[in-house]
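K.L.:
Okay, handing you the structure first.
The values are calculated or read from the model by the stated rules, or taken from the named source; none is laboratory data. Source: prediction; values computed, not measured. No Cβ is skipped: glycine too gets one built from the backbone with ideal geometry, and neighbour counts run over all protein chains shown. Each accessible area value is taken on the protein alone, full model and side chains, heavy atoms only, with ligands, DNA and RNA left out. Shrake-Rupley method; radii C 1.70, N 1.55, O 1.52, S 1.80 Å.
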Amino acid sequence: MRCGTIALIGRPNAGKSTLLNRIVGQKLAIVSDKPQTTRTRITGVKQYDDAQAIFVDTPGIHKPTHRLNARMVDTALEAMRDVDIVVLVVDASVRPGRGDEYLLTLVKRLTVPVVLVLSKVDLVAKARLLPLLEHYREAHPFADFVPLSGVDGTNVEAFERVLVSHLPEGDAMFPPDYLTSQTERFQVAELVREQVLRLTRDELPFSTTVVVDAFEEPADHGITRIYCTIWVERESQKGIVVGHGGSMVRDIGTAARVELERELDRRIHLDLHVKVKADWRNNERLLDEIAAQNREES
Ligand SMILES: Nc1nc2c(ncn2[C@@H]2O[C@H](COP(=O)(O)OP(=O)(O)OP(=O)(O)O)[C@@H](O)[C@H]2O)c(=O)[nH]1
Ligand SMILES: [Mg+2]
């Protein structure tokens, strides 16, 4: 029996969360086409016949501009330090840049095996893949190299077998049907934020956060009532998120409720408020509050 922890690290938008969801077969992490989607660590456990792997999805590593971002990057760096395997996820559809160089310097300090993933291969012609693999082969003695697609599933099972082969021997840490330590509150806030990310653009995706204010379970099998606040940084942003006559926040709410009902498997009434908190991304107290809401169950 093998068992161990595996961190997925990389630049924002590389496809880490898509890969985690594909591996565990469930939407544990929200995904968007904007960078910096994941803001905290997300754990997903996968049981194999001969192994248990504890995957840790992390925020994309970038140059932080606010306290929020500094915390995000710290979370990723910390995750890298206490796992058995690190997976560096690189988007094969974009040219390597300074951010990728920086990630290479980070993995060079590690003593655990580092596996390189070239993601999004469904977007890339084979001829372009080979030079990229060569580039990384020369850059670092990776334990393995796997080109894959988290969207269409190409090579993902082969990738998992590679990981299992590098896991240390040991007994399972969790029961076989255990999936994640994330709380329902966190899942709710994230699913609402996913719709905000989907429906907004420019600086709004970065300057929005969602807090669950109340979660009322019905006594019988009625409707669960969930009250959330979407925090933005300026009045003008509030205007956009609320939308003309409230149309935008209604669209966010409708789409989020559909997702919530599916993921939580029950009927939901979702109540959304949009509020302004200037510069919340640098507000340590609010960031602590959000972190508390997101804290994994132990
Ligand atoms: N075509 C294609 N798109 C992908 C693939 N993997 C991810 N994407 C897309 O890339 C974008 C970013 O994916 P995420 O999984 O959110 O990336 P991430 O690395 O978790 O990003 P952060 O959380 O911001 O660090 C989304 O639009 C995904 O749909 C892939 O294998 N193929
Ligand atoms: Mg992510």
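K.L.:
Taking the convex hull of the alpha carbon atoms in the range 37-98, what volume per residue do you get, in Å³?
P.N.:
Taking the convex hull of the Cα positions in the range 37-98, it is 115 Å³ per residue.
K.L.:
For the chain, report the accessible area per residue in Å² (1.4 Å probe, heavy atoms, rounded to an integer).
P.N.:
48 Å²
K.L.:
Also, I was wondering about something else. How many percent of the accessible area of the chain is carbon or sulfur, using a 1.4 Å probe?
P.N.:
Its accessible area is 49 percent carbon and sulfur atoms.
K.L.:
Right, here's the next one. For the range 134-212, compute Rh as the Kirkwood radius over C-alpha pairs and then the Stokes-Einstein diffusion coefficient at 25 °C and 0.890 mPa s; write the answer in µm²/s, rounded to an integer.
P.N.:
Reported coefficient: 144 µm²/s.
K.L.:
Compute from the Cα atoms of the chain the Rg and the Dmax, the latter being the longest Cα-Cα distance, and quote both in angstrom.
P.N.:
Here Rg and the maximum Cα pair distance are 19.7, 61 Å.
K.L.:
For the range 195-234, which chymotrypsin sites (Phe, Trp or Tyr not before Pro) are both in a DSSP coil and crowded by at most 15 other Cβ atoms within 10 Å?
P.N.:
For chymotrypsin sites (Phe, Trp or Tyr not before Pro) across the range 195-234 that sit outside H, G, I, E and B with at most 15 neighbouring Cβ atoms in 10 Å, the list is empty.
K.L.:
Looking at the chain only, what percent of DSSP beta bridges run antiparallel? Nearest 5 please.
P.N.:
Antiparallel: roughly 30 percent of the beta bridges in the chain.
K.L.:
Considering all alpha-carbon pairs of the range 221-273, what whole percent are spaced by more than 18 angstrom?
P.N.:
36 percent
K.L.:
Relative to 2.2 N^0.38 Å, what does the C-alpha radius of gyration of the range 194-292 come to as a ratio? Two decimals please.
P.N.:
1.12
K.L.:
Which of the lysines could a cross-linker bridge to LYS275, judged by Cα under 20 Å and excluding same-chain residues fewer than eight apart?
P.N.:
Hits, sequence-local ones excluded: LYS238.
K.L.:
Whole-Hz ³J(HN,Hα) for each residue in the range 31-40, computed from phi via Karplus 6.51 cos²θ - 1.76 cosθ + 1.60 with θ = phi - 60°, x for glycine and proline: what do you get?
P.N.:
10, 8, 7, 8, x, 6, 6, 6, 10, 8
K.L.:
What is the Å³ per residue value for the convex hull set by the Cα atoms of the range 128-176?
P.N.:
It comes to 111 Å³ per residue, whole-number rounded.
K.L.:
Return the Cα extents of the range 73-186 along principal axes one, two and three, sorted largest first, each rounded to a whole Å.
P.N.:
44, 33, 32
K.L.:
Give me D for the range 168-234 in µm² s⁻¹, whole number, from Stokes-Einstein with Rh from the Kirkwood sum over alpha-carbon pairs, 25 °C and 0.890 mPa s.
P.N.:
Roughly 166 µm²/s, to the nearest whole number.
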